[in-house]
Number of protein chains: 2
Amino acid sequence: MVEDASEFQRARSPEAKRRRETAILAAARSLGAERGIRDVTLTDIAAAVGMHKSALLRYFETREEIFLRLTAEGWAEWSDALTAQLRESTEPGPAAVARAFAATLAARGMFCDLLAHAPLNLERNVSLDAVRDFKLATLAAREPISAAVRERLPALDEQDVVDLIATAVSLAGAMWQIANPGAEVAALYRGDPRLAHAVIEVEPRLARILTATLTGLAAGRSRPQA
Amino acid sequence: MVEDASEFQRARSPEAKRRRETAILAAARSLGAERGIRDVTLTDIAAAVGMHKSALLRYFETREEIFLRLTAEGWAEWSDALTAQLRESTEPGPAAVARAFAATLAARGMFCDLLAHAPLNLERNVSLDAVRDFKLATLAAREPISAAVRERLPALDEQDVVDLIATAVSLAGAMWQIANPGAEVAALYRGDPRLAHAVIEVEPRLARILTATLTGLAAGRSRPQA
(Lines give C-alpha, C1' and ligand atoms only; values in the text may rest on other atoms or scores of the structure.)
Protein backbone atom coordinates (compact mmCIF):
# COMPACT_ATOMS: atom_id res chain seq x y z
CA MET A 1 0.00 0.00 0.00
CA VAL A 2 2.95 2.36 0.54
CA GLU A 3 4.05 3.84 -2.78
CA ASP A 4 7.11 5.89 -3.43
CA ALA A 5 6.59 9.51 -2.34
CA SER A 6 8.27 10.84 -5.46
CA GLU A 7 5.83 8.94 -7.62
CA PHE A 8 3.02 10.63 -5.74
CA GLN A 9 4.54 14.01 -6.41
CA ARG A 10 4.86 13.34 -10.13
CA ALA A 11 1.37 12.07 -10.77
CA ARG A 12 -0.85 14.70 -12.35
CA SER A 13 -3.26 12.89 -14.69
CA PRO A 14 -6.84 12.07 -13.56
CA GLU A 15 -5.81 8.42 -13.59
CA ALA A 16 -2.83 9.09 -11.32
CA LYS A 17 -5.04 11.17 -9.02
CA ARG A 18 -7.48 8.28 -8.76
CA ARG A 19 -4.70 5.88 -7.94
CA ARG A 20 -3.53 8.12 -5.13
CA GLU A 21 -7.02 8.46 -3.73
CA THR A 22 -7.35 4.69 -3.82
CA ALA A 23 -4.05 4.29 -1.96
CA ILE A 24 -5.14 6.83 0.69
CA LEU A 25 -8.48 5.09 1.19
CA ALA A 26 -6.75 1.69 1.41
CA ALA A 27 -4.38 2.96 4.08
CA ALA A 28 -7.25 4.48 6.09
CA ARG A 29 -9.25 1.26 5.76
CA SER A 30 -6.38 -0.83 6.99
CA LEU A 31 -5.61 1.44 9.97
CA GLY A 32 -9.30 1.80 10.86
CA ALA A 33 -9.83 -1.97 10.85
CA GLU A 34 -6.74 -2.47 12.99
CA ARG A 35 -7.30 0.07 15.77
CA GLY A 36 -10.80 1.55 15.33
CA ILE A 37 -11.75 4.72 13.48
CA ARG A 38 -11.56 6.88 16.58
CA ASP A 39 -7.81 6.46 16.96
CA VAL A 40 -6.70 7.04 13.35
CA THR A 41 -5.39 10.53 12.60
CA LEU A 42 -4.66 12.21 9.28
CA THR A 43 -0.97 12.04 10.16
CA ASP A 44 -1.23 8.26 10.62
CA ILE A 45 -2.86 7.88 7.20
CA ALA A 46 -0.29 10.11 5.51
CA ALA A 47 2.54 8.13 7.09
CA ALA A 48 1.02 4.79 6.04
CA VAL A 49 0.67 5.91 2.44
CA GLY A 50 4.08 7.57 2.34
CA MET A 51 2.89 11.12 1.72
CA HIS A 52 3.26 14.35 3.58
CA LYS A 53 0.10 15.42 5.37
CA SER A 54 -0.01 18.63 3.32
CA ALA A 55 0.10 16.59 0.08
CA LEU A 56 -2.65 14.31 1.33
CA LEU A 57 -4.89 17.35 1.94
CA ARG A 58 -4.89 17.98 -1.83
CA TYR A 59 -6.91 14.77 -2.21
CA PHE A 60 -9.19 14.90 0.82
CA GLU A 61 -10.18 18.00 2.77
CA THR A 62 -10.21 16.32 6.24
CA ARG A 63 -9.72 12.90 7.87
CA GLU A 64 -13.52 12.85 8.23
CA GLU A 65 -13.91 13.08 4.44
CA ILE A 66 -11.69 10.01 4.03
CA PHE A 67 -13.75 8.01 6.52
CA LEU A 68 -17.03 9.27 5.08
CA ARG A 69 -15.91 7.96 1.67
CA LEU A 70 -15.12 4.60 3.30
CA THR A 71 -18.58 4.63 4.91
CA ALA A 72 -20.19 5.19 1.49
CA GLU A 73 -18.12 2.33 0.05
CA GLY A 74 -19.12 0.21 3.02
CA TRP A 75 -22.82 0.85 2.31
CA ALA A 76 -22.42 -0.25 -1.33
CA GLU A 77 -20.49 -3.37 -0.41
CA TRP A 78 -22.89 -4.32 2.42
CA SER A 79 -25.88 -3.72 0.15
CA ASP A 80 -24.51 -6.19 -2.42
CA ALA A 81 -23.75 -8.83 0.22
CA LEU A 82 -27.08 -8.48 2.04
CA THR A 83 -29.11 -8.44 -1.16
CA ALA A 84 -27.36 -11.60 -2.37
CA GLN A 85 -27.96 -13.31 0.97
CA LEU A 86 -31.64 -12.31 1.01
CA ARG A 87 -32.11 -13.74 -2.49
CA GLU A 88 -30.28 -17.01 -1.73
CA SER A 89 -32.43 -18.13 1.18
CA THR A 90 -35.91 -19.55 0.74
CA GLU A 91 -36.85 -19.70 4.42
CA PRO A 92 -40.09 -17.76 4.94
CA GLY A 93 -40.77 -15.24 7.67
CA PRO A 94 -39.08 -12.33 9.44
CA ALA A 95 -36.47 -14.35 11.38
CA ALA A 96 -34.49 -15.35 8.28
CA VAL A 97 -34.48 -11.75 6.99
CA ALA A 98 -33.37 -10.49 10.41
CA ARG A 99 -30.58 -13.07 10.51
CA ALA A 100 -29.33 -11.96 7.08
CA PHE A 101 -29.11 -8.35 8.33
CA ALA A 102 -27.40 -9.39 11.57
CA ALA A 103 -24.90 -11.76 9.93
CA THR A 104 -23.85 -9.35 7.18
CA LEU A 105 -23.47 -6.43 9.60
CA ALA A 106 -21.66 -8.41 12.32
CA ALA A 107 -19.19 -9.67 9.68
CA ARG A 108 -18.29 -6.02 8.87
CA GLY A 109 -16.80 -4.62 12.07
CA MET A 110 -15.21 -1.55 10.56
CA PHE A 111 -18.41 -0.69 8.69
CA CYS A 112 -20.32 -0.89 12.02
CA ASP A 113 -17.68 1.38 13.58
CA LEU A 114 -18.08 3.85 10.69
CA LEU A 115 -21.89 3.71 10.95
CA ALA A 116 -21.68 5.06 14.51
CA HIS A 117 -19.11 7.71 13.64
CA ALA A 118 -20.82 9.03 10.49
CA PRO A 119 -23.65 11.13 11.95
CA LEU A 120 -21.75 11.98 15.13
CA ASN A 121 -18.38 13.02 13.79
CA LEU A 122 -17.77 12.39 10.09
CA GLU A 123 -20.66 14.39 8.60
CA ARG A 124 -19.76 17.31 10.87
CA ASN A 125 -16.33 18.04 9.52
CA VAL A 126 -16.67 17.93 5.73
CA SER A 127 -18.03 20.22 2.99
CA LEU A 128 -21.72 20.29 2.08
CA ASP A 129 -20.83 18.62 -1.24
CA ALA A 130 -19.26 15.73 0.64
CA VAL A 131 -22.37 15.37 2.82
CA ARG A 132 -24.61 15.42 -0.27
CA ASP A 133 -22.50 12.79 -2.08
CA PHE A 134 -22.55 10.61 1.02
CA LYS A 135 -26.31 10.84 1.48
CA LEU A 136 -26.95 10.03 -2.18
CA ALA A 137 -24.59 7.04 -1.96
CA THR A 138 -26.42 5.62 1.07
CA LEU A 139 -29.75 6.22 -0.68
CA ALA A 140 -28.55 4.26 -3.73
CA ALA A 141 -27.36 1.42 -1.47
CA ARG A 142 -30.73 1.25 0.32
CA GLU A 143 -32.77 0.69 -2.85
CA PRO A 144 -31.69 -2.88 -3.69
CA ILE A 145 -31.94 -3.84 0.00
CA SER A 146 -35.48 -2.49 0.11
CA ALA A 147 -36.50 -4.40 -3.03
CA ALA A 148 -34.99 -7.66 -1.76
CA VAL A 149 -36.66 -7.35 1.67
CA ARG A 150 -40.05 -6.66 0.12
CA GLU A 151 -39.72 -9.70 -2.14
CA ARG A 152 -39.22 -11.79 0.99
CA LEU A 153 -41.85 -10.04 3.13
CA PRO A 154 -44.53 -8.61 0.83
CA ALA A 155 -46.63 -7.40 3.79
CA LEU A 156 -44.09 -4.62 4.40
CA ASP A 157 -44.50 -1.22 2.76
CA GLU A 158 -41.77 1.20 1.70
CA GLN A 159 -41.73 3.07 5.04
CA ASP A 160 -41.47 -0.20 6.97
CA VAL A 161 -38.27 -1.05 5.13
CA VAL A 162 -36.87 2.47 5.62
CA ASP A 163 -37.48 1.99 9.35
CA LEU A 164 -35.97 -1.51 9.30
CA ILE A 165 -32.76 -0.35 7.64
CA ALA A 166 -32.45 2.66 9.98
CA THR A 167 -32.95 0.39 12.99
CA ALA A 168 -30.43 -2.17 11.75
CA VAL A 169 -27.64 0.32 11.03
CA SER A 170 -28.23 2.40 14.19
CA LEU A 171 -28.19 -0.70 16.39
CA ALA A 172 -25.20 -2.23 14.60
CA GLY A 173 -23.24 1.00 15.08
CA ALA A 174 -24.10 1.36 18.76
CA MET A 175 -23.70 -2.34 19.59
CA TRP A 176 -20.33 -2.61 17.89
CA GLN A 177 -19.06 0.24 20.08
CA ILE A 178 -20.36 -1.46 23.23
CA ALA A 179 -18.99 -4.86 22.17
CA ASN A 180 -15.53 -3.42 21.42
CA PRO A 181 -14.67 -1.19 24.36
CA GLY A 182 -10.90 -1.68 24.38
CA ALA A 183 -8.93 -4.36 26.20
CA GLU A 184 -8.93 -2.85 29.72
CA VAL A 185 -12.63 -2.10 29.83
CA ALA A 186 -13.45 -5.51 28.31
CA ALA A 187 -11.48 -7.12 31.16
CA LEU A 188 -13.39 -5.00 33.69
CA TYR A 189 -16.75 -6.16 32.25
CA ARG A 190 -15.71 -9.81 32.35
CA GLY A 191 -14.28 -9.56 35.85
CA ASP A 192 -17.27 -8.01 37.63
CA PRO A 193 -20.49 -10.06 37.64
CA ARG A 194 -22.53 -6.88 38.21
CA LEU A 195 -21.37 -5.70 34.77
CA ALA A 196 -22.42 -8.86 32.91
CA HIS A 197 -25.08 -6.80 31.10
CA ALA A 198 -22.30 -4.78 29.43
CA VAL A 199 -20.87 -7.85 27.67
CA ILE A 200 -22.83 -8.20 24.44
CA GLU A 201 -22.55 -10.25 21.29
CA VAL A 202 -23.57 -8.22 18.28
CA GLU A 203 -24.89 -10.88 15.90
CA PRO A 204 -27.36 -12.87 18.05
CA ARG A 205 -28.63 -9.76 19.79
CA LEU A 206 -29.14 -7.86 16.56
CA ALA A 207 -30.88 -10.89 15.03
CA ARG A 208 -33.22 -11.20 18.04
CA ILE A 209 -34.19 -7.50 18.06
CA LEU A 210 -34.62 -7.23 14.29
CA THR A 211 -36.74 -10.39 14.28
CA ALA A 212 -39.06 -8.74 16.79
CA THR A 213 -39.13 -5.45 14.87
CA LEU A 214 -39.86 -7.21 11.57
CA THR A 215 -42.49 -9.42 13.17
CA GLY A 216 -44.22 -6.32 14.50
CA LEU A 217 -43.94 -4.47 11.20
CA ALA A 218 -45.28 -7.48 9.26
CA ALA A 219 -48.13 -7.88 11.73
CA GLY A 220 -49.18 -4.33 10.87
CA ARG A 221 -48.70 -1.34 13.07
CA SER A 222 -52.39 -0.39 13.08
CA ARG A 223 -53.63 -3.54 14.77
CA PRO A 224 -53.08 -3.15 18.53
CA GLN A 225 -51.87 -6.26 20.36
CA ALA A 226 -51.67 -6.86 24.08
CA MET B 1 -23.30 29.57 37.61
CA VAL B 2 -20.03 31.48 37.57
CA GLU B 3 -18.62 31.71 41.08
CA ASP B 4 -15.68 33.72 42.21
CA ALA B 5 -12.41 31.95 41.40
CA SER B 6 -10.92 32.81 44.79
CA GLU B 7 -13.84 31.14 46.52
CA PHE B 8 -13.09 28.02 44.50
CA GLN B 9 -9.51 28.13 45.62
CA ARG B 10 -10.44 28.42 49.30
CA ALA B 11 -12.94 25.61 49.44
CA ARG B 12 -11.44 22.44 50.94
CA SER B 13 -14.19 20.63 52.86
CA PRO B 14 -16.07 17.69 51.30
CA GLU B 15 -19.13 19.95 51.17
CA ALA B 16 -17.20 22.65 49.28
CA LYS B 17 -15.79 20.02 46.94
CA ARG B 18 -19.30 18.77 46.19
CA ARG B 19 -20.47 22.31 45.48
CA ARG B 20 -17.69 22.80 43.00
CA GLU B 21 -18.41 19.52 41.26
CA THR B 22 -22.04 20.54 41.03
CA ALA B 23 -21.07 23.90 39.51
CA ILE B 24 -18.78 22.19 36.96
CA LEU B 25 -21.50 19.72 35.97
CA ALA B 26 -24.05 22.54 35.67
CA ALA B 27 -21.75 24.52 33.39
CA ALA B 28 -21.10 21.46 31.20
CA ARG B 29 -24.83 20.69 31.08
CA SER B 30 -25.66 24.21 30.00
CA LEU B 31 -22.95 24.36 27.31
CA GLY B 32 -23.79 20.86 26.05
CA ALA B 33 -27.49 21.69 25.71
CA GLU B 34 -26.66 24.92 23.89
CA ARG B 35 -24.18 23.72 21.27
CA GLY B 36 -24.05 19.91 21.44
CA ILE B 37 -21.61 17.74 23.40
CA ARG B 38 -19.19 17.40 20.52
CA ASP B 39 -18.26 21.09 20.53
CA VAL B 40 -17.73 21.62 24.27
CA THR B 41 -14.10 21.55 25.43
CA LEU B 42 -12.65 21.38 28.93
CA THR B 43 -11.44 24.96 28.45
CA ASP B 44 -15.02 26.10 27.68
CA ILE B 45 -16.31 24.43 30.85
CA ALA B 46 -13.52 25.91 32.98
CA ALA B 47 -14.22 29.38 31.57
CA ALA B 48 -17.98 29.08 32.18
CA VAL B 49 -17.44 28.06 35.80
CA GLY B 50 -14.73 30.67 36.41
CA MET B 51 -11.90 28.24 37.15
CA HIS B 52 -8.55 27.58 35.59
CA LYS B 53 -8.45 24.38 33.55
CA SER B 54 -5.71 22.98 35.82
CA ALA B 55 -7.93 23.58 38.88
CA LEU B 56 -10.88 21.90 37.18
CA LEU B 57 -8.75 18.80 36.57
CA ARG B 58 -8.56 18.28 40.35
CA TYR B 59 -12.29 17.49 40.25
CA PHE B 60 -12.63 15.53 37.00
CA GLU B 61 -9.87 13.66 35.20
CA THR B 62 -11.07 14.52 31.63
CA ARG B 63 -13.90 16.31 29.81
CA GLU B 64 -15.23 12.83 29.04
CA GLU B 65 -15.57 12.08 32.75
CA ILE B 66 -17.70 15.20 33.17
CA PHE B 67 -20.00 14.18 30.33
CA LEU B 68 -20.12 10.56 31.48
CA ARG B 69 -21.34 11.81 34.89
CA LEU B 70 -24.01 13.86 33.10
CA THR B 71 -24.99 10.76 31.12
CA ALA B 72 -25.42 8.79 34.37
CA GLU B 73 -27.53 11.63 35.81
CA GLY B 74 -29.53 11.66 32.58
CA TRP B 75 -30.26 7.93 32.95
CA ALA B 76 -31.57 8.41 36.50
CA GLU B 77 -33.72 11.39 35.56
CA TRP B 78 -35.09 9.70 32.42
CA SER B 79 -35.81 6.52 34.37
CA ASP B 80 -37.94 8.47 36.87
CA ALA B 81 -39.85 10.31 34.14
CA LEU B 82 -40.46 7.22 32.00
CA THR B 83 -41.47 5.05 34.95
CA ALA B 84 -43.96 7.71 36.09
CA GLN B 85 -45.41 8.00 32.59
CA LEU B 86 -45.70 4.22 32.22
CA ARG B 87 -47.59 4.02 35.53
CA GLU B 88 -49.94 6.92 34.72
CA SER B 89 -51.39 5.53 31.50
CA THR B 90 -53.95 2.73 31.45
CA GLU B 91 -54.02 2.21 27.68
CA PRO B 92 -53.26 -1.46 26.95
CA GLY B 93 -50.83 -2.76 24.35
CA PRO B 94 -47.35 -2.07 23.04
CA ALA B 95 -48.12 1.23 21.25
CA ALA B 96 -48.71 3.19 24.46
CA VAL B 97 -45.51 1.83 26.01
CA ALA B 98 -43.56 2.69 22.84
CA ARG B 99 -45.01 6.22 22.86
CA ALA B 100 -43.91 6.72 26.47
CA PHE B 101 -40.33 5.76 25.56
CA ALA B 102 -40.36 7.97 22.45
CA ALA B 103 -41.90 11.01 24.18
CA THR B 104 -39.60 10.94 27.20
CA LEU B 105 -36.47 10.45 25.07
CA ALA B 106 -37.39 13.05 22.43
CA ALA B 107 -38.01 15.59 25.21
CA ARG B 108 -34.41 15.09 26.41
CA GLY B 109 -32.22 16.22 23.51
CA MET B 110 -28.98 16.50 25.43
CA PHE B 111 -29.48 13.07 26.98
CA CYS B 112 -29.94 11.62 23.47
CA ASP B 113 -26.75 13.41 22.39
CA LEU B 114 -24.91 11.94 25.40
CA LEU B 115 -26.32 8.45 24.71
CA ALA B 116 -24.59 8.45 21.31
CA HIS B 117 -21.33 9.84 22.67
CA ALA B 118 -21.04 7.54 25.70
CA PRO B 119 -19.90 4.25 24.08
CA LEU B 120 -18.10 5.99 21.20
CA ASN B 121 -16.12 8.65 23.01
CA LEU B 122 -16.90 9.15 26.68
CA GLU B 123 -16.21 5.64 28.00
CA ARG B 124 -12.92 5.61 26.08
CA ASN B 125 -11.19 8.46 27.84
CA VAL B 126 -11.85 7.88 31.55
CA SER B 127 -10.49 5.61 34.28
CA LEU B 128 -11.78 2.07 34.79
CA ASP B 129 -13.40 3.24 38.04
CA ALA B 130 -15.35 5.87 36.13
CA VAL B 131 -16.53 3.27 33.59
CA ARG B 132 -17.58 0.92 36.42
CA ASP B 133 -19.51 3.67 38.23
CA PHE B 134 -21.22 4.64 35.00
CA LYS B 135 -22.24 1.08 34.14
CA LEU B 136 -23.61 0.49 37.64
CA ALA B 137 -25.57 3.77 37.44
CA THR B 138 -27.20 2.79 34.13
CA LEU B 139 -27.96 -0.66 35.54
CA ALA B 140 -29.73 0.92 38.54
CA ALA B 141 -31.72 3.19 36.21
CA ARG B 142 -32.84 0.25 34.06
CA GLU B 143 -34.39 -1.69 36.93
CA PRO B 144 -37.46 0.50 37.59
CA ILE B 145 -38.03 0.88 33.83
CA SER B 146 -37.95 -2.88 33.45
CA ALA B 147 -40.44 -3.40 36.29
CA ALA B 148 -42.83 -0.75 34.93
CA VAL B 149 -42.73 -2.16 31.38
CA ARG B 150 -43.42 -5.69 32.61
CA GLU B 151 -46.40 -4.48 34.65
CA ARG B 152 -47.83 -3.05 31.44
CA LEU B 153 -46.86 -5.95 29.15
CA PRO B 154 -46.69 -9.13 31.25
CA ALA B 155 -45.96 -11.27 28.17
CA LEU B 156 -42.41 -9.83 28.06
CA ASP B 157 -39.58 -11.53 29.89
CA GLU B 158 -36.50 -9.93 31.45
CA GLN B 159 -34.38 -10.32 28.28
CA ASP B 160 -37.12 -8.74 26.14
CA VAL B 161 -37.03 -5.61 28.28
CA VAL B 162 -33.22 -5.50 28.22
CA ASP B 163 -33.44 -5.62 24.41
CA LEU B 164 -36.19 -3.00 24.36
CA ILE B 165 -34.20 -0.52 26.45
CA ALA B 166 -31.03 -1.12 24.40
CA THR B 167 -32.98 -0.54 21.19
CA ALA B 168 -34.65 2.61 22.50
CA VAL B 169 -31.46 4.29 23.71
CA SER B 170 -29.37 3.25 20.69
CA LEU B 171 -31.98 4.54 18.26
CA ALA B 172 -32.60 7.73 20.25
CA GLY B 173 -28.86 8.48 20.25
CA ALA B 174 -28.41 7.83 16.53
CA MET B 175 -31.63 9.57 15.48
CA TRP B 176 -30.91 12.67 17.52
CA GLN B 177 -27.58 13.03 15.71
CA ILE B 178 -29.24 12.65 12.31
CA ALA B 179 -32.07 15.05 13.24
CA ASN B 180 -29.62 17.71 14.49
CA PRO B 181 -26.92 17.95 11.83
CA GLY B 182 -26.08 21.66 12.21
CA ALA B 183 -27.70 24.59 10.41
CA GLU B 184 -25.90 24.32 7.04
CA VAL B 185 -26.46 20.61 6.57
CA ALA B 186 -30.09 20.93 7.71
CA ALA B 187 -30.61 23.56 4.98
CA LEU B 188 -29.01 21.21 2.43
CA TYR B 189 -31.39 18.38 3.40
CA ARG B 190 -34.42 20.63 3.14
CA GLY B 191 -33.33 22.16 -0.18
CA ASP B 192 -32.70 18.94 -2.13
CA PRO B 193 -35.72 16.65 -2.65
CA ARG B 194 -33.38 13.67 -3.18
CA LEU B 195 -32.27 14.10 0.43
CA ALA B 196 -35.78 14.09 1.91
CA HIS B 197 -34.97 10.74 3.58
CA ALA B 198 -32.33 12.50 5.67
CA VAL B 199 -34.88 14.77 7.35
CA ILE B 200 -36.24 12.81 10.30
CA GLU B 201 -38.42 13.55 13.29
CA VAL B 202 -37.22 11.65 16.32
CA GLU B 203 -40.42 11.16 18.32
CA PRO B 204 -42.89 9.73 15.76
CA ARG B 205 -40.22 7.59 14.13
CA LEU B 206 -38.98 6.19 17.44
CA ALA B 207 -42.58 5.51 18.52
CA ARG B 208 -43.31 3.67 15.26
CA ILE B 209 -40.21 1.47 15.40
CA LEU B 210 -40.52 0.67 19.12
CA THR B 211 -44.20 -0.21 18.64
CA ALA B 212 -43.18 -2.75 16.01
CA THR B 213 -40.34 -4.11 18.17
CA LEU B 214 -42.60 -4.42 21.22
CA THR B 215 -45.38 -5.99 19.18
CA GLY B 216 -42.93 -8.58 17.89
CA LEU B 217 -41.47 -9.22 21.35
CA ALA B 218 -44.94 -9.57 22.88
CA ALA B 219 -46.00 -11.92 20.08
CA GLY B 220 -43.14 -14.21 21.11
CA ARG B 221 -39.90 -14.62 19.25
CA SER B 222 -40.22 -18.38 18.88
CA ARG B 223 -43.39 -18.38 16.79
CA PRO B 224 -42.45 -17.70 13.15
CA GLN B 225 -44.76 -15.33 11.25
CA ALA B 226 -44.89 -14.62 7.51
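Across peptide B:136-146, the average count of Cβ atoms from other chains found within 10 Å of a residue's Cβ is 1. Relative contact order of chain B, taken over Cα pairs closer than 8 Å and 6 or more residues apart, is 22 percent.
Rounded to the nearest 100, the interface formed by chains A and B buries 4900 square angstrom of accessible surface, both chains summed, with a 1.4 Å probe. Its DSSP H runs of at least 4 residues, each contributing -39,500 (n - 2.57), put the calculated 222 nm mean residue ellipticity of the protein assembly as shown at -24000 deg cm²/dmol, to the nearest 500. Residues of the range A:186-200 that lose at least 30 Å² of accessible area (1.4 Å probe, protein heavy atoms only) when the other protein chains are present, relative to their chain alone, are A:Leu188, A:Tyr189, A:Arg194, A:Leu195, A:His197.
In straight-distance terms, cross-link reach from A:Lys53 covers every one of the aspartates and glutamates whose alpha-carbon lies under 20 Å from its own, apart from those fewer than eight places away in the same chain; here that gives A:Glu3, A:Asp4, A:Glu7, A:Glu21, A:Asp39, A:Asp44, A:Glu61, A:Glu64, A:Glu65. Within chain A, helices built from complete DSSP H runs that reach 15 Å or longer along their own axis (Cα positions) and carry a mean Kyte-Doolittle hydropathy of 0.5 or higher are A:94-106, A:109-120, A:158-179, A:202-219. The magnitude of the dipole of the protein assembly as shown, with charges of +1 and -1 set on the Cβ of Lys/Arg and Asp/Glu and taken from the Cα centre, is near 100 debye. Note on the range B:69-222: dipole from Cβ charges, positive end direction compared against B:Trp75, B:Ala198, B:Leu214; the farthest Cα belongs to B:Ala198.
Distance from a point 7 Å along Cα→Cβ of A:Arg18 to each backbone N in the range A:129-171: keep the residues under 20 Å and list them by number. Under cut-off, by backbone N: A:133-134, A:137. Note on A:Ala47 and A:Leu128: the extension gain reaches 26.4 nm, defined as 0.36 nm multiplied by sequence separation minus the Cα-Cα distance. In the context of the full protein assembly, B:Arg38 retains an accessible surface of approximately 80 Å², using a probe radius of 1.4 Å and ignoring ligands and nucleic acids. Partner shielding of B:94-105 amounts to 1, given as the average count of beta-carbon atoms from other chains within 10 Å of each residue beta-carbon.
Can you pull the percent of the protein assembly as shown's accessible area that's carbon plus sulfur, 1.4 Å probe, other chains left in place? Carbon and sulfur: 52 percent of the exposed surface of the protein assembly as shown.
Considering chain A at the alpha-carbon level, its Rg and Dmax are found to be 20.0, 69 Å. Modelled this way, with points 7 Å down the Cα-to-C-beta line, the labels at B:Ala55 and B:Ala107 are 3.8 nm from one another.
The range A:94-113 and the range B:147-226 have their alpha-carbon centroids 18 Å apart. In this structure B:Met110 has an accessible area near 40 Å², from a 1.4 Å probe over the protein heavy atoms.
The values are calculated or read from the model by the stated rules, or taken from the named source; none is laboratory data. Predicted model, so just to flag it, every value in this text is computed and none were measured. Positions of Cβ are generated from backbone atoms using ideal geometry, with glycine treated the same way; all protein chains shown enter the neighbour counts. The accessibility values were calculated without ligands, DNA or RNA, using every heavy atom of the protein model including side chains. Shrake-Rupley method; radii C 1.70, N 1.55, O 1.52, S 1.80 Å.
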